[in-house]
Structure formats: structure tokens, C-alpha cells
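**Student:** Take a look at the following structure, please.
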Amino acid sequence: MMNYFNKLVLSSFCLIFSAATLQAQVHPAIMITKSNLPALKKGVMDYPLLQKSYKKVQADADKALLSPISVPLPKDGGGGFSHEQHKRNYTNILNCGIAYQITGEQKYADYIKNILLKYAQEYEKWPLHPKRKEGHEGGKIFWQSLNDFVWQVYTIQGYDMAYDAIPASDRATIENHLFMPMLKFFTVDCKQTFDWIHNHGTWDIAAVGMTGYVLNKPEYVQMAIKGSNKDGKTGFLKQLDQLFSPDGYYTEGPYYQRYALLPFVIFAKAINNYQPELKIFEYRNKLLSKAINTSLQLTYTDGTFFPVNDAIKDKTYQSAELVYGTDIAYADIKAEPQLLDIAQKQGEVIVSDAGLKIAADLAAGKSNPFVYTPQLITDGAKGDEGGIALLRYGNNDDQQCVLIKAASQGMGHGHFDRLNLLYYDNGTEIFPDYGAARFINIETKKGGDYLPENKTWAKQTVAHNTLVVDQQSDFKASAEKAQLESAEILYFSNSKDLQVVSAKEAHAYPGVEMIRTSALVKVQGLEKPLLIDVFQAVSNQVHQYDLPFWYKGHLVDASFKYKAVSNNLQALGTDNGYQHIWLNTAQKLDKADGYLTILQNKRFYTIHFATDAPATVKLLSLGANDPDLSLIESKAFMFSQENVKQQTFFSVTETHGKVNSVSETTTGASSQVSDLKLLNTDKNQVKVSFKVKDRLYNYQINYTNKENFIEFK
């Protein structure tokens, strides 16, 4: 339910858009405003980061001018010639628009005029794109309508900048034969997407609303704000209400939060410029500011986004979306000095009013280091659909970070990975997430689309560091069923030496309740905190419980003897991702505890473990049933227990030692942790103990005592 302020803002929009026209048109008025242009031109000369950013823009604009205009018939999927050419075209239009505003040279505006006249000549002749991205609505310029929306978000900015330098007759041709037909296509032919509460809908809305402002078409701005029926049940404000939690978490996860942020912030910027009295950046308690900060917090210290759900793992906050987001957040929403640190690391700013402020304040030395903080980030429109927990220890040069995903499904891009655990240290992944199975824009790999293995492997539960019951995936891999339920956060604490999160999932497997409690614990005598992980499953029926840990690095030691199969490898199973896993060896242990040691990035990680009864440890590698050799090399160890009702997996991961390959020396290779014991485990309490050197530690989880949930001594 909207709070009073949200209702007030929506009412304000209704009142203002009842007028026949918007305010008098001034161009440009989105990222660069006419009134601020003299200061921006001076800033390009005075401030190093803005100057560097502009030089790149002008160089790219000059390169575009030297190339023949090419507006090919759309026919290729992602990565193909026509697809990539149309992407280059919208980038060229934007770059030439900026170059025109800074230099005043007519040649840049002429390029925009000429290429848009060419589009106006061809656009109405084009049918729907002959190819389709699987499961997505087709566009006219691209194989999915989403790319058409993105094209227009960038193109309308360039047109706005060149507007006054294009003859009125040519503007009429461009608007009547390109932009107006596009608006019809986006709102009528793509009506379902326009009203979809989803990032595709956001891009559609932003394209329509920004175009409505630039062309002085208030009815389209009204539709963008309030939905196609202009009743407020869909549209921009409803997107803000439903897609973000109060903490600014976007339900599809960090990777798609990055992607979805750009249309949100740039359309909000346009609203703020054209109608500042609406105070759009104040909406939902400065939600967009929170969303940008949350997006940055959802990266590791090297800038890469945590790859939960469908995510391309190389994406960092240096992406264009976060450059826009950081600049606008700092300049237009809330000037947090630590955002200047991110802008400095991004190495560029948008050549705009916002970029000017960033560059000026960096030059004035106002930056503070960006601080990554341990925190719980809630999910769901009301913040009651679980969340993402981040445990962090250490400075940005060498930080331990544990992520527990106890959030909702994340719509169609969600993975079946309730209570998944990721662990980073020493600038690298230790227990990673696979991310998406996709070679984006590599046409030879299924046209750059998601691979079949995204469904058969990457989304499946066993591909993640979480519990698998009876070799089935959560919710039997049904996104529709998973979307109806979310995990529950039981406890979160981020005190200095004891950071803890506990979460429960009671819906993923009928009749099975799972609780995971993970902690970073600083103990005397160890340089780095320990990662303590307790995963408990309780049921009235017997099950097989598998807990995999996918790891980076090399297995260098173990408490048990193992011998990997040297030929005739067999797949671990036949479905639900198991068919893609090679079983290298399976060792039934004689004892209920043990350890494995991994060497990764010149540091040792010893995973001590204890279970209710002796378990089987399976050593695994990825690659079975992969005829196109598309799966990325991955390795795992799996704790497996069959025919039990209740199972507790207890592990302590110690980070220790180092290897110097130059001097050929190794120090601290031996673990200081020992004697793991499960002392008590039931639905109310888990009590464990372990030793560090000769000191005994007791760690107790009290599920029914919120005031004293964790005892550690």
C-alpha cells in the first residue's frame, strides 16, 4: 500500500498532466541543460576527469563523422552485423549530440539530422524483426523490443542536444516518420511490455516519457508515469513501488539492478529537469538514491557485481549504467563524498551537468573512500521477502566477504538457490556462484542468447553452494511456484568481531525445513576471521541431503584418502543439473568429521567439517553431457547423507598462510583449527564446538531466543 507521500506525489502528477501542454520547450533539457551549458564548457577545460571523458566522446564522434552512415535492414540477432550497427548508431547519435553542445560545430548536428532522416525514411517500412530472442517480444530494429527501447533512450538524448540546429522541416520528418511511429509501437504494439512491472517495462516507459518531454507530447509523459490506461496501476511510479525494496534492492538481483537502474535514474532526471516541483528524487524516502548505493554495496571490492541469478560475471560498476547512476546520485539526489571515490575508480563521468559536479568536486579534493559495510538488504516491495546478507571484514585491499542469498525468486532471471552462500577473500572468489550460462553477444554461441545449459545447469540448485534434497531443485525448478514464496531472515548482527546471519527456507521442498546460520568470527590468535557455517535440515520423512561447495583453486590436502577415477568418468545423476557433473570420487568417511584444504591465489583455505553421522564426501567437476563444450571449468566437494530425516552440516573455514612463487617459500600452511563437534542439534538449538590451537570455543544457535540468538565463548 502506498504511503501518504507516494499518494501525494501521484496526485500531483495527475493534476499537472491534466494540462494540455507541458512547460515551454527548451533544448537541451535532459542530461545537459541549456542554462548550465556555459559552466559545462568551462569545466571541460578546467577539470581533468571531465576533460578526459569529453575527449573520448569527441574522438568517437569524429570517428562517426568519418564513416558512411549505415542504417541496415534489421535481420541479425545479438552480435550480428545489423544488431551491432544499430547499437553503434545510437551511441554515435549521443556522442555527436554532446560534441555539438560543447563545440557548437554544425557538422555534429548535421550527422544526427542525416542519420535520423535515414531512419525516418526506412522505419515505417520495416516489419517486426525476422529473428526472435527466445521467449521475448520482438522489436523492429532489434530481435527483442527491449533493445528498441534502449535505442530510443540514448537517441532521444542526442536529438534533444541537436534539436535547435536541425531545420524545422527536417525535425517534422524525423518526428512524424520515426519518433511518433516508435511511440505508437512502444505503447500500442508493445502495450503488454509497457505495462509490465519488469526491467523491460522500465526501459519502455523511460523511452516513451523522455520522448514525450522532448517532443512536447504530454499525453505520452502521462502514460509513462501512470501506465497505458493512465490510472496509476502501472507506469513509472508503480515500477518504483513494486520492483524495489525499501532498502533499494531490485528484485532480479545485483546484475539486473545495474541494468535496470539506468532507465530509472535517467527518466527521473528528465522529470526533475522538466518538472522539479514534483520532487521525484524524494519519492519513497529517496528510493533511487538508496538503489544506487545498494547497487554499489552489491559488489566485491574489485568492483564486480555479486553474480546471483542470471549474471554475467565480468560486469563491474564501471558499466555505463553505474556511471550514469553515480553521477546523478551525487549531483541530483544526495552528495555523498564517498561516491566521488567510485567515480574516480570508474575513470570517467557523463559529459553532463551531473558529470560537471562530480569532476569539479574531485578536483577540489572532496572525495572520501567508499566504505563497504556489513549489512542486511531486504527484498520485496515492503521489505518482507527475505533479503541478501553481506558479512565483511577487512579493508578494501584484502577483504573477506560472505554473501547469503535468502531473498525471493527474482522473477524469470532468478535461480533456484535458496540459502546460497558465496565467499570472497584476497581479491578473488573462494566459493563462487556460476552466474548465467551465456556468452553475451557472441553470435556463434547461440546468437549470444542464454545457452540451454542456463536452464539445465546454471539455474539448478546443485549449481550453487546450498542444500539439495533428493537430487531435486528448489520448487522442482518451477519459477512460478518459487515466485510465490520467499525465505525468512531469522537473525542478523554485524558487530565488529561477530557478524551473523540466520535464514530459514520452509517452502522449497515439501515437508523439509532448512535453516542456514553463517558467521564471520574473529578469534584470538588468528589473523583472519573464521567462516562458521551451520546448515540444518529437518523433516518427518527420510531424504538424501547433498551440500555442495563449488570452489576456486586447487585441492592440496584432506583428512581422508581419496583416489580420483582415472578414466570412464560417470555423471553424478541424470537430471536437475546432476547430469552435468562428473563424479571424480566418492569417499564414505569412517568418522563424522574431517577437513579439506584448498590453495587459491597464493593463500590456503581449510574447510573443517562435522556432521551428525559419518557422511560421504564427493569430489566433483563440471562438464558432463556438454556436447558444445559450453560449461566453464568448475570444481566442488559435496557432503552427502542418505536416508536420514534430520541432518546438520557444520563447517569452519580457516583462511591462513601464503605461498610466494618467486622465492619458492610457503608459510602458515597448517591449519590451527581442530576438534569440530556437534554437541546438540534439534529444532530449537544447535550447539557446536571447535578448537583454535589449544583453546576450546563453544558456538550455540538459539532459534527461539531472538535476544540471545548466538552464544559464542
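The values are calculated or read from the model by the stated rules, or taken from the named source; none is laboratory data. All values reported here derive from a predicted model rather than from experimental measurement. FYI the Cβ positions are ideal-geometry reconstructions off the backbone, even for glycines, and counts take in every protein chain you see.
**Student:** Counting only residues that are modelled with pLDDT of 95 or more and either farther than 22 Å from G525 by Cβ or loosely packed, with under 12 Cβ neighbours inside 10 Å (or both), which one in segment 645-661 is nearest to the chain's Cα centre (by Cα)?
**Tutor:** Filtering segment 645-661 for residues that are modelled with pLDDT of 95 or more and either farther than 22 Å from G525 by Cβ or loosely packed, with under 12 Cβ neighbours inside 10 Å (or both), the one nearest to the chain's Cα centre (by Cα) comes out as F649.
**Student:** Does at least one position in segment 130-141 carry a residue that is surrounded by 16 or more Cβ atoms within 10 Å (Cβ to Cβ), hydrophobic (A, V, I, L, M, F, W, C) and assigned by TED's automatic domain parsing to the domain that holds L73?
**Tutor:** Looking for residues that are surrounded by 16 or more Cβ atoms within 10 Å (Cβ to Cβ), hydrophobic (A, V, I, L, M, F, W, C) and assigned by TED's automatic domain parsing to the domain that holds L73, one finds at least one in segment 130-141, hence yes.
**Student:** When the residues of segment 187-207 are narrowed to those that are of a type in the set (A, V, I, L, M, F, W, C) and touching a residue at least 40 places away in the same chain (Cβ under 8 Å), which ends up surrounded by the fewest Cβ atoms within 10 Å (Cβ to Cβ)?
**Tutor:** I197
**Student:** Taking segment 424-450 as the search range and keeping residues that are among the aliphatic types (A, V, I, L, M) and at pLDDT 95 or above, which one is farthest from L622 (Cα to Cα)?
**Tutor:** Among them, the one singled out is I430.
**Student:** Here's something else I'd like to know. Could you list, in sequence order, the residues of segment 269-300 that are among the polar types (S, T, N, Q) and in contact with a Pro (Cβ under 8 Å, 6 or more places away or on another chain)?
**Tutor:** N285, S295, T299
**Student:** Now a separate question. Considering only segment 66-90, how many residues are in a helix (DSSP H, G or I) and surrounded by fewer than 17 Cβ atoms within 10 Å (Cβ to Cβ)?
**Tutor:** The qualifying residues number 5.
**Student:** Give the residues of segment 440-450 that are surrounded by fewer than 19 Cβ atoms within 10 Å (Cβ to Cβ) and either part of a helix (DSSP H, G or I) or not hydroxyl-bearing (S, T, Y) (or both), sorted by residue number.
**Tutor:** Correct list: I440, N441, I442, E443, K445.
**Student:** Out of N309, N395, report the one residue that is of a type in the set (S, T, N, Q), more than 23 Å from I102 (Cβ to Cβ) and not assigned by TED's automatic domain parsing to the domain that holds K279.
**Tutor:** Testing whether each residue is of a type in the set (S, T, N, Q), more than 23 Å from I102 (Cβ to Cβ) and not assigned by TED's automatic domain parsing to the domain that holds K279 leaves just N395.
**Student:** Next up: Pairs please, first residue from segment 47-74 and acidic (D, E), second anywhere and in a helix (DSSP H, G or I), Cβ atoms under 8 Å, 6+ apart in sequence or on different chains.
**Tutor:** D60/T91; D60/N92; D60/N95; D62/A99
**Student:** Criterion first (modelled with pLDDT of 95 or more and either buried (at least 24 other Cβ atoms within 10 Å of the Cβ) or outside any helix (DSSP H, G or I) (or both)) does G325 satisfy it?
**Tutor:** Against the criterion (modelled with pLDDT of 95 or more and either buried (at least 24 other Cβ atoms within 10 Å of the Cβ) or outside any helix (DSSP H, G or I) (or both)), G325 does not qualify.
**Student:** To continue, here is another question. In this structure, does G412 turn out to be of a type in the set (G, A, S) and assigned to a helix (DSSP H, G or I)?
**Tutor:** For G412, the condition - of a type in the set (G, A, S) and assigned to a helix (DSSP H, G or I) - is met.
**Student:** If you go through segment 158-173 one residue at a time, how many are within 21 Å of I98 (Cα to Cα) and surrounded by fewer than 24 Cβ atoms within 10 Å (Cβ to Cβ)?
**Tutor:** Of the residues in segment 158-173, 8 are within 21 Å of I98 (Cα to Cα) and surrounded by fewer than 24 Cβ atoms within 10 Å (Cβ to Cβ).
**Student:** Under the condition of being exposed (fewer than 13 other Cβ atoms within 10 Å of the Cβ) and within 20 Å of P276 (Cβ to Cβ), which residue from segment 9-22 is modelled with the highest pLDDT?
**Tutor:** Checked segment 9-22; the qualifying residue modelled with the highest pLDDT is S11.
**Student:** Here is a follow-up. In segment 157-275, which helices (runs of 4 or more DSSP H) lie fully inside it and hold 2 or more residues that are charged (D, E, K, R) and assigned by TED's automatic domain parsing to the domain that holds Q101?
**Tutor:** In segment 157-275, the matching helices (runs of 4 or more DSSP H) lie at 168-174.
**Student:** Would you list the strands (runs of 3 or more DSSP E) that sit entirely within segment 644-713 and hold 1 or more residues that are more than 13 Å from V534 (Cα to Cα) and either touching a residue at least 40 places away in the same chain (Cβ under 8 Å) or touching a Pro at 6+ places or on another chain (Cβ under 9 Å) (or both)?
**Tutor:** Once the strands (runs of 3 or more DSSP E) in segment 644-713 are filtered for at least 1 residues that are more than 13 Å from V534 (Cα to Cα) and either touching a residue at least 40 places away in the same chain (Cβ under 8 Å) or touching a Pro at 6+ places or on another chain (Cβ under 9 Å) (or both), what remains is 658-660, 673-681, 685-692, 695-702, 710-712.
**Student:** Shifting gears a bit: Select from segment 187-226 the residues that are more than 26 Å from the chain's Cα centre (by Cα) and of a type in the set (A, V, I, L, M, F, W, C) and list them in ascending order.
**Tutor:** Within segment 187-226, V188, V214, L215, V221, M223 qualify.
**Student:** Looking at segment 452-470, which of its residues are part of a loop (DSSP other than H, G, I, E, B) and surrounded by fewer than 19 Cβ atoms within 10 Å (Cβ to Cβ)?
**Tutor:** The one that is part of a loop (DSSP other than H, G, I, E, B) and surrounded by fewer than 19 Cβ atoms within 10 Å (Cβ to Cβ): D470.
**Student:** For segment 623-641, enumerate the residues that are touching a His at 6+ places or on another chain (Cβ under 8 Å) and either touching a residue at least 60 places away in the same chain (Cβ under 8 Å) or among the polar types (S, T, N, Q) (or both).
**Tutor:** Listed by number, the residues that qualify are N625, D626, L631.
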